[in-house]
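Undergrad: The structure under discussion is supplied below as structure tokens; questions concerning it will follow.
Throughout, read-outs are computed from the coordinates displayed, never taken from laboratory work. Because the structure is a prediction, the values reported are computed rather than measured. All Cβ positions, even for glycine, are placed from backbone atoms using ideal geometry, and neighbour counts span all protein chains on display.
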Amino acid sequence: MEQLLENFSLDLFVKQTILFLVLIFLMVKFAWKPILTALNDREESIQGALDAAEDAKKEMQNLQADNEKLIKEARAERETLLKEAREIKTKMIEDAKGEAKAEADKMIAQAQAAIEAERKAAVADLKSQVASLSVDIAEKVVKSELSNKDKQLGLVEEMLGQATLN
Amino acid sequence: MKVIPKTITSLSFIFLISFTAFATGDKKEGQSSHGDPVNTPEEINEYIQHHVKDSHDFHMFSYFSDGEEHHVGFPLPVILWGENGLSAFMSSAFHHDDDGKEIVAKGESNFVRLHGKIYELNAGATEVSFDEAHHPTNASTPIDLSITKSVFGILLIGLLMLLWFGGLAKQYKKKAIPTGFGRVLEPLVLYVRDEIAKPNIGPKYRKFTGYLMTVFFFIWILNLMGLTPFGFNVTGQLAVTAALALITLVVYLFSSNGHFWSHQLWMPGVPYFLRPLLAVIELAGTLIIKPFSLMVRLFANITAGHIVVMSLIAIGITMQEQMSAVGSTILSFILSLFITLIEVLVAFLQAYIFTMLSALFIGMAVEEPEHH
């Protein structure tokens with residue numbers, strides 16, 4: 001202890017205290033304060049940048065989710081549209097088919113009626129022509145048959161032969 | 001890139017003052033108290049004792065040639081406030097005398113140097129007379145404002161710290177990331193802030209970080225300087241560590257809050273009859289034991305380190321008879337190499353411990369009560 005006290009120099013103690021206090025003051029003013037402020041600023045800016053990046057990432061994810069939702073919606077809409085179109089198409093085909101058939105039937109019926117009428121007219125015409133033809137023929141035949149006597153006699157005989165008297 | 005030349009300048013500055021300004025003082029063989037190179041255990045012991053003390057001149061080494069002792073180093077200014085006011089002269093005026101024989105007359109005052117201390121002779125006295133305990137009887141001690149070796153070290157390190165860290169601070173004005181030497185300093189600053197100040201003090205760390213950084217780098221750089229052959233032993237001076245510990249004491253006393261004092265003087269959660277006793281113990285701890293332990297730990301570790309390194313180097317001389325010159329040199333080289341490596345670690349460790357404990361004590365003083 002005595003040696004410790006002997007080693008202790010009051011002059012040096014005072015000088016060290018004063019010099020060190022001056023050093024603290026100067027270091028705080030010219031070094032530590034600007035350094036710590038700069039470091040803090042830098043850390044804050046880094047933290048800010050990281051936060052901003054995180055935010056941007058979240059926003060991106062949101063956007064992507066939105067996009068996906070939109071795509072899904074669009075897809076669903078397309079599906080329904082296609083389905084509707086398909087339905088409309090089938091309906092249209094069905095309708096067209098029905099209409100066409102009705103029309104065709106109608107046309108066939110008309111045609112048939114026309115054909116029937118034509119046929120009837122034709123038959124009637126044929127009948128009248130056949131009648132006049134047969135009258136002509138008969139006239140001619142009669143004319144030729146009755147032109148000579150023999151034949152007239154022959155005919156009378158034949159007719160008499162057929163008409164057996166009972 | 002500007003920082004590197006600056007660093008080189010500051011480093012070469014140290015070497016310049018170390019080597020170009022040296023003066024060699026000669027001492028005739030007859031005048032010397034030893035006359036021979038330092039080689040007996042007693043002389044080595046005295047040499048080591050002399051080294052760990054503060055000194056008025058910057059002595060690096062001595063050598064003998066032609067039977068003369070040459071001292072290599074440079075003188076430092078001696079500034080005294082004595083009976084007749086201020087007087088200043090260079091320490092070379094004492095001609096390396098440390099036994100009170102060389103009298104320096106300045107004005108009406110006569111000064112002598114005795115065991116590293118400067119005395120002013122009483123009026124009329126022409127030489128020092130001693131009592132039985134070898135204390136001077138006819139001399140007074142003036143106020144010594146000299147730039148001693150330790151003061152020189154303090155000034156040098158203070159200047160270097162201002163240069164280095166001021167440079168680093170300047171760099172931040174232009175860019176966010178320092179270049180050159182600043183890149184080395186920045187992690188150290190961050191280390192002190194994040195590993196010492198923040199965890200020990202808590203949210204109020206900002207106010208005390210400046211002090212803690214100054215203490216940390218001051219002690220660390222001076223500890224490392226002490227390991228160079230320049231022979232600084234600043235942090236091994238009791239006065240220096242006492243001043244540092246006292247400043248820590250003042251810092252944590254002045255920043256303490258009511259919560260701290262209520263726990264100091266009237267410890268809650270303890271039986272009432274024990275509380276006064278605890279208050280005494282706590283007060284003793286806060287006011288005496290903590291700063292005392294800070295002071296002694298740093299002083300003892302650094303001084304012990306210097307003594308051990310020098311003693312191990314001295315093995316090269318003292319063991320020559322037993323082990324031959326080569327053997328003792330190899331042994332001393334290996335041992336002192338290892339212990340020097342450990343001392344490099346100790347230099348950091350002691351700076352860390354001093355700063356960490358200072359931060360811890362400040363943290364205890366500013367701690368806010370926990371809200372339950």
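Undergrad: Could you rank the peptides B:195-201, A:68-74 by their average count of other C-beta atoms within 10 Å per residue, with the highest value first?
TA: Descending mean neighbour count gives B:195-201, A:68-74.
Undergrad: Between segment A:1-68 and segment B:264-290, what's the alpha-carbon centroid distance in Å?
TA: Their Cα centres are 35 Å away from one another.
Undergrad: Continuing with this model, one more query. Explain nothing, just the number: dipole magnitude of chain B about its Cα centre with +1 on each Lys and Arg Cβ and -1 on each Asp and Glu Cβ, in debye rounded to the nearest 20.
TA: Magnitude of the dipole: close to 2500 debye.
Undergrad: While we're on this one: Given only helices, namely DSSP H runs of n ≥ 4 each adding -39500 (n - 2.57), what is the per-residue ellipticity at 222 nm of the protein assembly as shown, to the nearest 500 deg cm²/dmol?
TA: Using -39500 (n - 2.57) per qualifying helix, the result is -23000 deg cm²/dmol.
Undergrad: Once fully extended, how much extra length lies between B:LEU159 and B:PHE338, figured as 0.36 nm per residue of separation less the alpha-carbon to alpha-carbon distance?
TA: 61.3 nm
Undergrad: Applying 1/(1 + (r/R0)^6) with R0 = 51 Å to the Cβ-Cβ distance of A:LEU153 and A:VAL123, what FRET efficiency is obtained, to the nearest 0.05?
TA: Working from the Cβ atoms, E equals 0.80.
Undergrad: Also, I was wondering about something else. What is the extension gain from A:LEU82 to A:MET107, computed as 0.36 nm multiplied by their sequence separation minus the C-alpha to C-alpha distance, in nm to one decimal?
TA: Taking 0.36 nm per residue and subtracting the Cα distance, the gain is 5.4 nm.
Undergrad: Let's see if you can work this out: charge +1 on each Lys and Arg Cβ, -1 on each Asp and Glu Cβ, no other charges. What is the dipole magnitude of chain A about its Cα centre, in debye to the nearest 20?
TA: For this selection, approximately 620 debye.
Undergrad: Between B:THR141 and A:ARG42, what is the spin-label point distance in nm, taking each point 7 Å from the Cα along the Cα→C-beta axis?
TA: My value for the distance between the label points is 4.8 nm.
Undergrad: May I pose another question? Can you pull the one-decimal nm distance between simple spin-label points at A:VAL142 and A:ASP95, each 7 Å off the Cα toward Cβ?
TA: 7.0
Undergrad: So if R0 is 60 Å, what FRET efficiency would B:GLU321 and B:THR179 give, r being the distance between their Cβ atoms, rounded to the nearest 0.05?
TA: About 0.60, to the nearest 0.05.
Undergrad: Still on this structure: Taking 7 Å along the Cα-to-C-beta vector as the label spot, tell me the B:ASN45-A:LEU5 distance in nanometres, rounded to one decimal.
TA: 2.3
Undergrad: Could you tally the net charge around B:ILE103, taking each other residue with its Cβ under 12 Å from the Cβ of B:ILE103, Lys/Arg +1 and Asp/Glu -1?
TA: Computed value for this residue: -2.
Undergrad: Based only on the alpha carbon positions, what is the Kirkwood hydrodynamic radius of segment B:107-230, in angstrom?
TA: After inverting the pairwise mean of 1/r, the radius is 18.6 Å.
Undergrad: What is the gain in length, in nm to one decimal, between B:LEU274 and B:LYS101 on full extension, counting 0.36 nm per residue of separation less the C-alpha to C-alpha distance?
TA: Full extension from B:LEU274 to B:LYS101 adds 56.3 nm.
Undergrad: Share of Cα-Cα pairs in segment B:161-239 beyond 19 Å, in percent?
TA: Looking at segment B:161-239, the distances longer than 19 Å represent 48 percent of pairs.
Undergrad: Could you tell me which GluC sites (Glu not before Pro) in segment B:324-372 are loop residues by DSSP with no more than 15 other beta carbons within 10 angstrom of their beta carbon?
TA: B:GLU370
Undergrad: Next question, about the same structure. Straight-line reach from B:LYS175: which lysines fall under 22 Å, measuring Cα to Cα and dropping same-chain residues less than 8 apart?
TA: Filter leaves A:LYS29, A:LYS33, B:LYS2, B:LYS6.
Undergrad: Shifting gears a bit: Based on the Cβ-Cβ distance from B:GLU108 to A:LYS29, what FRET efficiency comes out when R0 is 41 Å, to the nearest 0.05?
TA: Working from the Cβ atoms, E equals 0.45.
Undergrad: With +1 on each Lys and Arg Cβ and -1 on each Asp and Glu Cβ, and nothing else charged, work out how big the dipole of the protein assembly as shown is about its Cα centre, in Debye to the nearest 20.
TA: 2080
Undergrad: Could you tell me which residue out of B:VAL184, B:ALA243, B:SER332 lies farthest along the dipole of chain B toward its positive end? Charges go on the beta carbon: Lys and Arg +1, Asp and Glu -1, centred on the Cα centre.
TA: About the Cα centre, the residue reaching furthest to the positive side is B:VAL184.
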